[in-house]
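So the structure is just underneath, and the comments pick up after that.
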Amino acid sequence: MTDNPLRTVTVERTSTGHFTATNTRGGTISFGTGSGADSDTEFTPVELLLAAIGGCTAVDVDIATSRHAEPSEFSVTVAGNKVSDDLGNRLTDLTVTFSVAFPEGEGADRARAILPRAVKTSHDRLCTVSRTVEIGTPVTATVEEA
């Protein structure tokens, strides 16, 4: 990772309601409205936000636990309720639920023991995505000439 703190993705429209995000390393992910023809499995921006929260904290927890033992199961479910009220459209009641299992053994016992602390540390300090959402960082939207 670089010392430059700026993180950037570019989102480009590919067709009506369909977009591709590209990171600075050339990786891409397609997404859209999640409705209409050929959109049954497409991620929506809200689902990408949930995936980003889960992915960020999963990376933190995986790094902390897998140095002791390889998990036999590792999944993270992120859920929230989409509401529309006086504050606009948003998610409430966000939850992150880990389901992690390790095989038998001394290293696995250590991994199981540190799992709760790893989840708490990710939530409280490490996961940039959930920390940004929870703290409530302002977003500025502007328009520039193409």
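The values are calculated or read from the model by the stated rules, or taken from the named source; none is laboratory data. This one's a predicted model, so the numbers in the text were calculated from it and none came from an experiment. With ideal geometry, Cβ positions are generated from the backbone for all residues, glycine too; neighbour counts draw on all protein chains shown. Each accessible area value is taken on the protein alone, full model and side chains, heavy atoms only, with ligands, DNA and RNA left out. Shrake-Rupley method; radii C 1.70, N 1.55, O 1.52, S 1.80 Å.
Helix-only arithmetic for the chain: the sum of -39500 (n - 2.57) across DSSP H runs with n ≥ 4, divided by the residue total, places the mean residue ellipticity at 222 nm at -10500 deg cm²/dmol. Multiplying the residue separation of residue 95 and residue 137 by 0.36 nm and subtracting their alpha-carbon distance yields 13.2 nm.
Normalising by the residue count of the chain, find the relative contact order in percent from Cα pairs under 8 Å and 6+ residues apart.
It comes to 17 percent, rounded to a whole number.
Rolling a 1.4 angstrom probe over the protein heavy atoms with all chains in place gives the chain an accessible area of 73 Å² per residue. Here r is the Cβ-Cβ distance between residue 113 and residue 79 and R0 is 41 Å; the resulting FRET efficiency, rounded to 0.05, is 0.95.
Charges were assigned to the Cβ only: +1 to each Lys and Arg, -1 to each Asp and Glu. The resulting dipole of the chain about its Cα centre is roughly 400 debye. Full extension of the chain between residue 63 and residue 41 yields a length gain of 5.0 nm, computed as 0.36 nm times the residue separation minus the alpha carbon distance.
About the centre of its Cα atoms, region 103-146 shows a dipole size close to 300 debye [charges on the beta carbon of Lys, Arg (+1) and Asp, Glu (-1) only; nearest 20 debye].
Considering only Cα atoms, the convex hull volume of region 1-138 works out to 154 Å³ per residue. Overall, the ratio between the Cα radius of gyration of region 17-60 and 2.2 N^0.38 Å, rounded to two decimals, is 1.27.
Using a probe of 1.4 Å on the protein chains alone, the accessible area found for residue 87 is around 140 Å².
Per-residue Karplus couplings for region 59-73, computed as 6.51 cos²θ - 1.76 cosθ + 1.60 with θ equal to phi - 60°, are listed in order as 4, 4, 5, 4, 4, 5, 8, 6, 5, 9, 6, 6, x, 8, 8 Hz, Gly and Pro entered as x.
Computed in the context of the full set of protein chains, the accessible area of region 6-146 at 1.4 Å probe radius has 53% of its extent on carbon or sulfur.
Between 27, 122, 138, the Cα set farthest toward the positive side of the dipole of the chain (charges on each charged residue's Cβ, about the Cα centre) is that of 122. One chain, two ends: residue 106 and residue 16. Fully extended at 0.36 nm per residue, the span grows by 27.0 nm beyond their Cα-Cα distance.
The phi-based Karplus calculation (6.51 cos²θ - 1.76 cosθ + 1.60; θ = phi - 60°) puts the 3J(HN,Hα) values of region 48-57 at 5, 5, 4, 5, 5, 5, x, x, 4, 6 Hz, whole numbers, x for Gly and Pro.
Peptide packing: for 24-32, 94-102, the average count of neighbouring Cβ atoms within 10 Å per residue gives the ranking 94-102, 24-32, highest mean first.
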